[in-house]
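All remarks here apply to the structure that follows.
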Amino acid sequence: MIPIGGLLVFCGLLTQTMAQLGALPLPLGQALPLPVDQSLPLPLGQSLPLPLGQALPLAVTPALPSSPTDLAKGLTSGLSNGLLSGGLLGVLENLPLLDILKPRGGTSSGLVGGLLGGLLEKVTSVIPGLDNIIDLKVTDPQLLELGLVQSPDGHRLYVTIPLGLKLRVKTLLVGSLLELAVKLNITAEILAVTDKQERIHLVLGDCTHSPGSLKISLLGSLPIQSLLDSLTGVLNKVLPELVQGKVCPLVNGALSQLDVTLVHDIVSKFPRPLSPLQEQ
């Protein structure tokens with residue numbers, strides 16, 4: 001049995017030691033841990049301390065799939081930018097229409113001497129008034145908002161490319177400038193193909209002017225209706241194919257510049273990509 005006097009001495013020494021430990025300074029920035037009652041509510045905006053080395057988990061937002069509307073906007077925007085950066089407006093402004101409407105020396109360096117041979121020259125030679133044209137310029141070329149639809153089988157996309165420009169015609173008969181507003185749509189077929197390395201591409205299929213889309217209107221008044229009829233008659237014959245031949249190669253170039261991620265997202269909406277052999 002421990003003597004009572006010895007026990008009292010031991011308790012006194014223990015109390016003195018605890019008091020001395022409590023008076024020791026703590027490292028800078030460190031405080032004594034306080035007991036936390038888990039059942040008590042915490043003040044607003046305050047949370048329980050996390051164990052050393054542990055951080056709150058970061059919230060991860062899953063990637064949302066692109067909607068068809070977003071993909072359509074991305075494609076039409078990409079094609080518009082590609083056409084403009086490819087010099088579309090400059091191409092339209094430099095159409096060789098004067099060479100076509102007023103052949104020189106029996107031949108023309110424009111479309112007449114190329115795609116249509118001498119046929120157009122014969123047409124223009126018998127139309128009254130065209131010999132009086134002394135100047136013709138394209139002004140204010142415009143690329144309007146593109147349209148996009150998918151084929152019923154889902155394997156193709158059709159992009160409508162609406163173009164606008166003005167023609168300033170100077171003739172001996174009128175004695176002043178004649179101004180015409182012209183609008184024309186080009187329709188481009190887009191296919192999804194895979195190359196030998198299984199890489200997916202969007203390529204140009206058929207590309208042509210939309211039948212009946214050419215609109216020619218007179219800006220201002222014209223005293224000689226026969227000249228206007230002659231001019232619009234020839235433009236209806238030659239302008240669609242001329243514009244088509246200049247614009248379609250630019251569409252192919254714009255497709256090659258599309259963002260790779262956008263192309264893959266678009267192709268994922270196709271039933272299956274076509275191989276080069278199937279494309280042909």
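The values are calculated or read from the model by the stated rules, or taken from the named source; none is laboratory data. This structure is a prediction, so every number in the text was calculated from the model and none was measured. For neighbour counting, all protein chains shown are included, and Cβ atoms are generated from backbone atoms with ideal geometry for every residue, glycine included. Accessible surface is based on the protein model in full, side chains and every heavy atom, while ligands, DNA and RNA are left aside. Shrake-Rupley method; radii C 1.70, N 1.55, O 1.52, S 1.80 Å.
Values for this structure:
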read-out	value
Any chance Ala188 is open to solvent by less than 30 Å² (accessible area, probe 1.4 Å), assigned to a strand (DSSP E or B), in contact with a Ser or Thr (Cβ under 6 Å, 6 or more places away or on another chain) and at pLDDT 90 or above	no
Pairs with Cβ under 7 Å, 6+ apart, first in segment 256-268 and part of a helix (DSSP H, G or I), second open to solvent by 80 Å² or more (accessible area, probe 1.4 Å)	none
Scan of segment 197-233 for residues that are assigned to a helix (DSSP H, G or I), modelled with pLDDT under 85, open to solvent by less than 70 Å² (accessible area, probe 1.4 Å) and not hydroxyl-bearing (Ser, Thr, Tyr), ordered by number	Leu227, Leu228, Leu231
Restricting segment 136-175 to residues that are touching a residue at least 60 places away in the same chain (Cβ under 8 Å) and under 26 Å from Leu101 (Cα atoms), the residue that is most open to solvent (accessible area, probe 1.4 Å)	Leu143
Out of Leu120, Leu178, sole residue that is open to solvent by less than 20 Å² (accessible area, probe 1.4 Å), modelled with pLDDT under 85, in a helix (DSSP H, G or I) and farther than 21 Å from Pro249 by Cβ	Leu120
Filter result for Lys183 (over 22 Å from Val247 (Cα atoms), out of contact with any Cys (no Cβ under 9 Å at 6 or more places or on another chain) and either outside any strand (DSSP E or B) or open to solvent by 50 Å² or more (accessible area, probe 1.4 Å) (or both))	no
